[in-house]
1. Normalised by the residues of the chain, what does the relative contact order come to in percent, with Cα pairs under 8 Å and at least six apart?
2. How much accessible area per residue does segment 80-156 have, in Å², with a 1.4 Å probe?
3. Measure off, as a whole percent, the carbon and sulfur share of the 1.4 Å-probe accessible area of the chain, all protein chains present.
4. Give me the three principal axis extents of segment 80-156 from the C-alpha atoms, as integers in angstrom, largest value leading.
5. Which entries of Lys56/Lys122; Lys122/Lys150; Lys33/Lys150 show an alpha-carbon separation above 23 angstrom in the structure shown?
6. From the gyration tensor of the Cα coordinates in segment 6-68, what semi-axes in whole Å does the equivalent ellipsoid have, largest first, with each one equal to sqrt(5λ)?
7. So which trypsin sites (Lys or Arg not before Pro) in segment 45-125 are both in a DSSP loop and have at most 15 other Cβ atoms within 10 Å of their Cβ?
8. Determine the calculated [θ] at 222 nm for the chain from helices alone, applying -39500 (n - 2.57) to every DSSP H run no shorter than 4 residues and normalising by the residue count; nearest 500 deg cm²/dmol.
Amino acid sequence: MMIISDNAKKQIDVWVAKYPAGRQSSAVMEALKIVQAENENLLTPEAISEVADYLKMPKIAAAEVATFYENYNHKPAGKHVIRFCHNISCMLNGADDLIDYLEQKHDVKVGEVTKDGRFSIKKVECLGACVGAPMLQIDDIYHENLTEKKLDEILYNLR
Ligand code: FES
């Protein structure tokens, strides 16, 4: 069964067109993201393999990208993925306490999905926004200078 839909191929082609001819593999990060979004926020080895075939690149090269970056989910994830930075600046500014707060309030652990499937939590390394520590990323959006109150507001607004 094909994992990449015609719609996904059209979206991938838009990215491929941004690079010189023969350099279609440069679109791999966006292609993986598009395919993941179409497959319940999950990127399986089969999906990675199909992306590699579609971009005419070695499967191992696509797998390296897919496993290096935190943007890709290799086990079931929520509709939204909370990537909570727990690196040095965020840790020194209270990230661990905020993660505990999040886990207790929503009855979910890091690496798990909430019972309603609304979100899952990942602990990630520095996202390059240390000046706004503690911070997290949800989907493509950064939220900085977090407090429990701010966390509640962000989660409340997640549909
Ligand atoms: S340490 Fe958290 S963004 Fe850099």
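The values are calculated or read from the model by the stated rules, or taken from the named source; none is laboratory data. What you see is a predicted model, and the numbers here were worked out from it, not measured in a lab. Here Cβ is always computed from backbone atoms with ideal geometry, including for glycine, and neighbour counts include all displayed protein chains. Areas reflect the complete protein model, heavy atoms only, side chains present, ligands, DNA and RNA absent. Shrake-Rupley method; radii C 1.70, N 1.55, O 1.52, S 1.80 Å.
1. Relative contact order of the chain: 18 percent.
2. 53
3. Percent of accessible area from carbon and sulfur atoms in the chain: 55.
4. 33, 22, 20
5. Cα-Cα > 23 Å for Lys56/Lys122; Lys33/Lys150; rest within.
6. Details: eigenvalues 57, 39, 16 Å².
Each semi-axis is √(5λ); the values are 17, 14, 9 Å.
7. Numbers: sites: Lys56, Lys59, Lys79, Arg83, Lys105, Lys109, Lys115, Arg118, Lys122, Lys123; in loops: Lys56, Lys79, Lys109, Lys115, Arg118.
When the trypsin sites (Lys or Arg not before Pro) of segment 45-125 are filtered for loop state and at most 15 Cβ neighbours within 10 Å, Lys56, Lys109, Lys115, Arg118 remain.
8. Working: 7 runs with 68 residues, N = 159.
After summing the helix terms and dividing by residue count, I get -12500 deg cm²/dmol.
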